[in-house]
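The values are calculated or read from the model by the stated rules, or taken from the named source; none is laboratory data. Bear in mind the structure is a predicted one, so any value in this text is a computation, not a measurement. All Cβ positions, glycine included, derive from the backbone under ideal geometry; neighbour counts span all protein chains shown. Calculation scope for accessible area: heavy atoms of the full protein, side chains included, ligands and nucleic acids excluded. Shrake-Rupley method; radii C 1.70, N 1.55, O 1.52, S 1.80 Å.
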Amino acid sequence: MAGLRPVLHVVFGTIMVFSLLRCLHRPSRSPGRVRLEDIAESSVLLESCPARAACFAPADARRADVANPFLDWVSTPIGLTAHVLRDVVYDVDSRVLIKDGNLVEETCYLQPSEVLAALRVDRARLVRHAGPGVAVPCSDHWPGNYYHWMTHALPVMAALSDRPEIRRWGRPCWLLPDLLPWQRQTLDLLCADGGGRQALTAGRQYRLDRVVYCNIVAGAADFALSRLCQSVFPRMAERVPVTRRRGLRLYVDRGGAGNRAIPNEAALAAALAAEGFCVVRPERMTVSEQIDLFRAAAMVVGPLGAGMTNIGFCRPGTLIYELVPDHHANPCFLAMAMRGHLNYWADQYPTGATTRDHVARWGAGIDVARVLRQVSGLWSRGTRPVLVSDGAA
């Protein structure tokens, strides 16, 4: 037995070494999830949004031959909130907050499951937030997109600048991407007193001692009737002089976009131009020029896309006709039209797309003749707004 002891020591030692190596190389457990309300130090209800049935241009609301995909749509009833959190980590690339190793559920906005499963606090990328005041994440995963910026980032900055009960948490320090020229223009027009700003560095994680997180930044109000989100449009428009007489008919051309590209959109634009429409590419204009143009519109036609965000600047009663791709029927502009008291109508068009996601290109061209028929019918069927002179409400 004594002669076996050295052998047993070697065997047990080998087993322990292999066990240790297996533990070291074992994949870490997927992160758990926590909710804002469970970890918040305090919170404020910014707005309570009611559920409302879809509202359309009256003369066309229930025709038998319609292809409107949103007839039975109801707006999302939701509370728009601001939560104060302590000691969290902000992952810049995913825009996700991490608390004690757990992902904060509401911040996991449109991130693929594989990204979230692999997301951890990485000390090699971790830095301390050095900005003044309380940190406020303002951008989502698509920081350079016009719709996302106008409806997610700007309402957060407006809300936290204007609410005195929020100021007791400290002076906001906006966590922002490197701003594009048009984004700087919106901030100048919004005049939101934000105090400090900190540009985020891609690939970094920031340790935040105190952060205010609004669920608006993660799209909570996209399908809600939010007065707060709508308020940023007239607030900016007030600072832009009126130079155009109302009565324009606009077509919002997506010719410069890769997502949901329409192969024959040039033919559609040319046909509408022949009918008296002004074909516009908003990305070629300053924000002030976009405001002045859409404020003068009597009718706006366009496919689903960021350029249609400018209907937020349209005056009440403006007729909106959206061309909805059948592979991505998104009612966000219906919600925006209802907020602004616009006469909205949509028809769904077959696209021939092979995948059903928000970036897929149209596989086939749009039916130009059908669009012209629908536009003519909407314009002549009693939904046309009364045109008013410049400067009128």
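Some notes on this structure:
- Cross-chain or 6+ apart pairs with Cβ under 6 Å, region 41-53 first and buried (at least 18 other Cβ atoms within 10 Å of the Cβ), then part of a loop (DSSP other than H, G, I, E, B) and hydrophobic (A, V, I, L, M, F, W, C): 49/224; 49/225
- Of all residues in region 287-310, those satisfying the criterion of being at pLDDT 95 or above, surrounded by fewer than 22 Cβ atoms within 10 Å (Cβ to Cβ) and in a helix (DSSP H, G or I) are 288, 289, 292, 293.
- Filtered by the rule that a residue be in contact (Cβ under 8 Å) with a residue 60 or more places away in the chain and out of contact with any Pro (no Cβ under 9 Å at 6 or more places or on another chain), region 250-267 gives 258, 259, 261, 263, 264, 267.
- Within region 315-326, tally of residues that are open to solvent by 10 Å² or more (accessible area, probe 1.4 Å) and either touching a helix residue (DSSP H, G or I) at 6+ places or on another chain (Cβ under 9 Å) or in a helix (DSSP H, G or I) (or both): 1
- Residues of region 106-147 that turn out to be assigned to a helix (DSSP H, G or I) and over 26 Å from residue 196 (Cα atoms), as a count: 6
- Matching residues in region 327-346 - criterion: being outside any helix (DSSP H, G or I), closer than 16 Å to residue 301 by Cβ and in contact (Cβ under 8 Å) with a residue 60 or more places away in the chain: 343, 344, 345, 346
- Just one of the listed residues (242, 279, 212) is touching a Lys or Arg at 6+ places or on another chain (Cβ under 8 Å), on the phi < 0 side of the Ramachandran plot and not in a helix (DSSP H, G or I), and it is 242.
- Per-region count, region 127-162, residues aliphatic (A, V, I, L, M) and either modelled with pLDDT of 95 or more or within 10 Å of residue 214 (Cβ to Cβ) (or both): 8
- Scanning region 293-327 for residues that are over 20 Å from residue 273 (Cβ atoms) and acidic (Asp, Glu) yields a total of 1.
- Here residue 271 meets each of (1) open to solvent by less than 30 Å² (accessible area, probe 1.4 Å); (2) assigned to a loop (DSSP other than H, G, I, E, B); (3) within 16 Å of residue 303 (Cβ to Cβ) with one exception, condition (2).
- Boolean, residue 279 is among the hydrophobic types (A, V, I, L, M, F, W, C) and either within 20 Å of the chain's Cα centre (by Cα) or open to solvent by less than 10 Å² (accessible area, probe 1.4 Å) (or both): no
- Residue match in region 189-208 (condition: free of Cβ contacts under 8 Å to residues at least 24 places away in the same chain and within 29 Å of residue 42 (Cβ to Cβ)): yes
- Being of a type outside the set (Lys, Arg), exposed (fewer than 15 other Cβ atoms within 10 Å of the Cβ) and part of a helix (DSSP H, G or I) holds for only one residue in 38, 87, and it is 38.
- Within region 203-254, tally of residues that are within 30 Å of residue 124 (Cα to Cα), open to solvent by 50 Å² or more (accessible area, probe 1.4 Å) and not acidic (Asp, Glu): 3
- All positions within region 194-209 that are outside any loop (DSSP other than H, G, I, E, B) and at pLDDT below 90: 196, 197, 198, 199
- Per this entry, residue 30 is counted among residues that are modelled with pLDDT of 55 or more, open to solvent by 50 Å² or more (accessible area, probe 1.4 Å), of a type outside the set (Asp, Glu) and over 22 Å from residue 211 (Cα atoms).
- In the condition set (1) in contact with a Phe, Trp or Tyr (Cβ under 9 Å, 6 or more places away or on another chain); (2) open to solvent by 70 Å² or more (accessible area, probe 1.4 Å), residue 198 is compliant with all but (2).
- The single condition among (1) of a type outside the set (Lys, Arg); (2) part of a loop (DSSP other than H, G, I, E, B); (3) closer than 22 Å to residue 292 by Cβ; (4) touching a Lys or Arg at 6+ places or on another chain (Cβ under 8 Å) that residue 229 does not satisfy is (2).
- Pair list, Cβ < 9 Å and 6+ apart or interchain, from region 100-122 residues that are farther than 12 Å from residue 31 by Cβ to residues that are in a helix (DSSP H, G or I) and of a type in the set (Gly, Ala, Ser): 106/218; 107/218; 109/218; 110/218
- The one condition in (1) surrounded by fewer than 22 Cβ atoms within 10 Å (Cβ to Cβ); (2) touching a residue at least 24 places away in the same chain (Cβ under 8 Å) that residue 149 fails to fulfil: (1)
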